[in-house]
Amino acid sequence: MLHSRLDDENTVKSADPFVYVIDDEADLRESSCFLLAALGLNCVQYPSGAAFLEDVSTLEPGCVLLDMIMKNMDGLEVQAELQRRGVDWPIVFMSGHQDTATVVQAVKKGAVEFLEKPFSDEALLAALHRGFVRLRNVPA
């Protein structure tokens, strides 16, 4: 787990919003966190859904940027496990290989957005904004 925004004591600032980036592509995780940290968001990277699920009970609530297709556990399986555990954090799915049925299934199960890779910074930020609105239970 890598933290992209640290305070003077090298701990994540909990006053700022959190984004958890879960993707098996290190370059995408790093570039997304670089952008988000520059905007003042805490960004925590995970290389797999299983690694994220190991920590989720100890994490601050935040938005989840979740790759759909990963080895061992895909994004829909991570979403289902979060729901089973009662973790109702906003999820923004991303994938370079999606089909309509998968997108519909993810959205029906509560995903905020489904971004097609490669996506623009603006599309990512708009999706995360909707996620943070949902997280705070404030009408959009």
Counting alpha carbon pairs within less than 8 Å and at least 6 residues apart, what relative contact order, in whole percent, applies to the chain?
20
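Provide the percentage of antiparallel DSSP beta bridges, counting only those with both residues in the chain; round to the nearest 5.
On the way: 3 of 20 bridges.
Here the share of antiparallel DSSP bridges comes out near 15 percent.
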By residue number, which cysteines of the chain lack any other Cys whose Cβ falls under 4.7 Å from their Cβ?
Cys63
Give the residue list of trypsin sites (Lys or Arg not before Pro) in the range 30-89 that are DSSP loop and have at most 12 other beta-carbon atoms within 10 angstrom.
Lys71, Arg85
Mean 1/r over distinct Cα pairs of the range 78-118, inverted to a Kirkwood Rh in Å, yields 10.6
Could you work out the relative contact order of the range 40-100? I mean the mean sequence separation of Cα pairs under 8 Å and 6+ apart, divided by the number of residues, in percent.
37
Tell me, what ³J(HN,Hα) does each residue in the range 22-35 have, in order and in whole Hz, if you take phi through Karplus 6.51 cos²θ - 1.76 cosθ + 1.60 with θ = phi - 60° and put x for Gly and Pro?
10, 7, 7, 9, 4, 4, 5, 4, 5, 5, 5, 5, 4, 4
Note to self, the chain gives a 222 nm [θ] from helices alone (DSSP H runs n ≥ 4, -39500 (n - 2.57) apiece, / all residues, nearest 500) of -11500 deg cm²/dmol
Would you kindly work out the equivalent ellipsoid of the chain from its C-alpha gyration tensor and give its semi-axes, the square roots of five times the eigenvalues, largest first in whole Å?
21, 16, 16
Once phi is turned into θ = phi - 60°, what whole-Hz ³J(HN,Hα) does the Karplus curve with 6.51, -1.76 and 1.60 give for every residue of the range 36-44, x standing for Gly and Pro?
5, 5, 5, 8, x, 9, 7, 10, 10
Roughly what angle does helix 121-135 make with the longest principal axis of the chain, taking Cα atoms, 0 to 90 degrees, to the nearest 10?
90
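Every number here is computed from the coordinates shown, using simple stated rules; none is lab data. What you see is a predicted model, and the numbers here were worked out from it, not measured in a lab. For neighbour counting, all protein chains shown are included, and Cβ atoms are generated from backbone atoms with ideal geometry for every residue, glycine included.
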